[in-house]
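The values are calculated or read from the model by the stated rules, or taken from the named source; none is laboratory data. Since the structure is predicted, the reported quantities are computational estimates derived from the model, not experimental observations. Quick reminder, even Gly has a Cβ in these numbers, built from the backbone with ideal geometry, and neighbours come from all protein chains shown. For accessibility, only protein heavy atoms count, side chains too; no ligands or nucleic acids. Shrake-Rupley method; radii C 1.70, N 1.55, O 1.52, S 1.80 Å.
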Amino acid sequence: MDWIFGVGNKNKNDPKNISQLLGAALPPPDGTDPNKSGVPGAGPGGSGGNAGSGAQTAYRFDSTALERAAAAAKELEKSKYATQAFETIMAQEVTKRKELELQGKAIEAQIEDSKSQQIRQQHEERRKTLKEEEKIQERKSHLEDRLARQRHDDQLMQSRKSQEELLRLQEESVAKQEQMRKASMEYEAELRHKNEMARIEAELKGKAKIDRENRDLNLEMMREKAKESRETVLEAIKTAGSVVGSATNALLTDRNKLYAAATGITVAAAGIYVAKNSVGVAARFIEARLGKPSLVRETSRFTAVGFLRNPIKTTKMLVGKPKDPLEGIVLKPTLEERLRDVAIVTKHTKKNKGFYRNILFYGPPGTGKTMFAKSLALNSGMDYAIMTGGDVTPMGRDGVTAMHKVFNWANSSRRGLLLFVDEADAFLRKRSTEQISEDLRATLNAFLYRTGEQSKKFMLVLASNQPEQFDWAINDRIDEMVEFDVPSLPERERMVRHYFDKFVLEPSFDSKSRIKVEELDYGEKCTEIARRTEGLSGREISKLGVAWQACAYAAEDGVLTEKMIDERVADAIAGHAKKVIWETDQHAVSYKSAAAAASTPV
């Protein structure tokens, strides 16, 4: 087989391949004799033969070709590579057959791949179709929901308009009926007045006529009455003089009667004096037990005067159950947690009859100190009493007595009393540096004397905006300090929503109220107002609610618009900014005055 693959070809005359081996025995395709030179179709006649002769030559059987093929076959059989050549040809056929099978399998794999790809594409298209259908369905549901909401809003708006129209018609009908009633009453009053005037005129005319006719008779009767009256008075004077004269004569002539009269007069004077002093003592005792001291501005403790003034309110306070101490009070979460602990401690202290702790509430004004003090007392089952430090200074020398009355009254409470002193820095100032009067100093000393020890009867709660001005002895009596700061953004938003509901929305739902509110997003508006009112206290935010209500009452149609709300908020912010400027200027003036006083030589 070396001559087939061209390897180790020692015999250069061996054929290179089977085609070369067979080519020697095969005739040429054009029918020419390879051993003869010339053009195709050249015969014995040369190139000058005609066309018919050339055609016969092309299709003439050539026996020499068969001979050459037979010779080549014999030569091939004699060759030593015949078997290898045949095996090679068979191997090539097997290889081609396998290649064709592999190509067929590859084609089938491509067909299966294309089918699977087509299935994947169909699934992908189906998934996309389902996804689009879901989107369309979702959009359809959103659209239906929005249409339903819009339809519901339209129905509400239509119902509201119909109710307003019905209310307007009713008001017009009532106004017309009232106008007709007033007109009929005026007409009836006018007729009655005319009839009364005619009757009076007729009576006067008749009386004047009778008086003219009976003038002489009337004069005679008047003379007789005057004479009888004069005689009666003279007889009474004579009788009284005779009785008094006889009694005086008998008293002066009889010593026993004289002594009895003197003794009776003395006993009567002593009884009057004793009764007067006893009434005073009883009044002071009742005042100490049931009355309210002059320094106490407000109290929840039962008093006879308070019960007579507000019996329903007093009864509710007596029979009411304890409530959440932070109900209606909006504070920071950390402060709420601490105050709730204070309330729990106070409540259990009262139950176990322990010693109460004195507390200081300090911070800017309007941050909820007084509100929590009242709520703390009510939650603990105690009474509360509120006094202010500004009432102590004007009392002068009577301040000591008034202060003792307050603490005597507090110690007489059976339920326990929470004594809340607002603006305590007004009279509890430093005695060493502040220039205070002797009367105020004595009042402060009386306060320190009555609060020197812990009490089971009363709990002292002080409130101040300037706790640094307290006397050191006052600081020593404070057991716990709680700071009330201005509300932050979340607390301001809760306050704005609370007071907007309380002063605007709730009255607008009342049929008897005149307030109405313009259509707007209340939640978003309250959030916006909370962001704008940074630095405002809780009291200032509550006054915003009152201002909105006043604007609605002042409007011609009673409708509170968004513009009115924004204007009141802008006014509140501007007012707060002015207050801050005034406070800054006041602190600067105070600092300059203190510096000047310190630099002045003694």
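Values computed for the structure shown
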| read-out | value |
| --- | --- |
| Pairs with Cβ under 6 Å, 6+ apart, first in region 402-413 and on the phi > 0 side of the Ramachandran plot and surrounded by fewer than 18 Cβ atoms within 10 Å (Cβ to Cβ), second hydroxyl-bearing (Ser, Thr, Tyr) and in a helix (DSSP H, G or I) | none |
| Among residues of region 470-499, those that are open to solvent by less than 30 Å² (accessible area, probe 1.4 Å) and within 18 Å of Leu428 (Cβ to Cβ), counted | 6 |
| Residue selected from region 240-281 under the condition open to solvent by 80 Å² or more (accessible area, probe 1.4 Å) and among the hydroxyl-bearing types (Ser, Thr, Tyr), by the criterion modelled with the highest pLDDT | Thr266 |
| Residue match in region 86-103 (condition: open to solvent by 100 Å² or more (accessible area, probe 1.4 Å), at pLDDT below 80 and not in a helix (DSSP H, G or I)) | no |
| Selection within region 342-354 - exposed (fewer than 11 other Cβ atoms within 10 Å of the Cβ) and charged (D, E, K, R) | Lys351, Lys353 |
| Region 506-521 - residue that is loosely packed, with under 14 Cβ neighbours inside 10 Å and assigned to a helix (DSSP H, G or I) and, of those, modelled with the lowest pLDDT | Phe509 |
| Of residues in region 414-440 being part of a helix (DSSP H, G or I) and out of contact with any strand residue (DSSP E or B) (no Cβ under 6 Å at 6 or more places or on another chain), the one most open to solvent (accessible area, probe 1.4 Å) | Glu438 |
| Any hit, region 54-63, residues being modelled with pLDDT of 70 or more, surrounded by 10 or more Cβ atoms within 10 Å (Cβ to Cβ) and among the aliphatic types (A, V, I, L, M) | no |
| Every pair of residues 6+ apart whose Cβ atoms lie under 9 Å, when the first sits in region 116-127 and is part of a helix (DSSP H, G or I) while the second is among the β-branched types (Val, Ile, Thr) | none |
| Only listed residue being over 49 Å from the mean Cα position of the chain (by Cα) and open to solvent by 80 Å² or more (accessible area, probe 1.4 Å), chosen from Lys182, Lys176, Lys161, Lys205 | Lys205 |
| Failed item in (1) in a helix (DSSP H, G or I); (2) among the charged types (D, E, K, R); (3) surrounded by 13 or more Cβ atoms within 10 Å (Cβ to Cβ); (4) modelled with pLDDT of 85 or more, with Lys374 passing the rest | (4) |
| Unique residue being in contact (Cβ under 8 Å) with a residue 40 or more places away in the chain, surrounded by fewer than 15 Cβ atoms within 10 Å (Cβ to Cβ), under 19 Å from the mean Cα position of the chain (by Cα) and farther than 30 Å from Thr334 by Cβ when the list is Glu534, Glu562 | Glu562 |
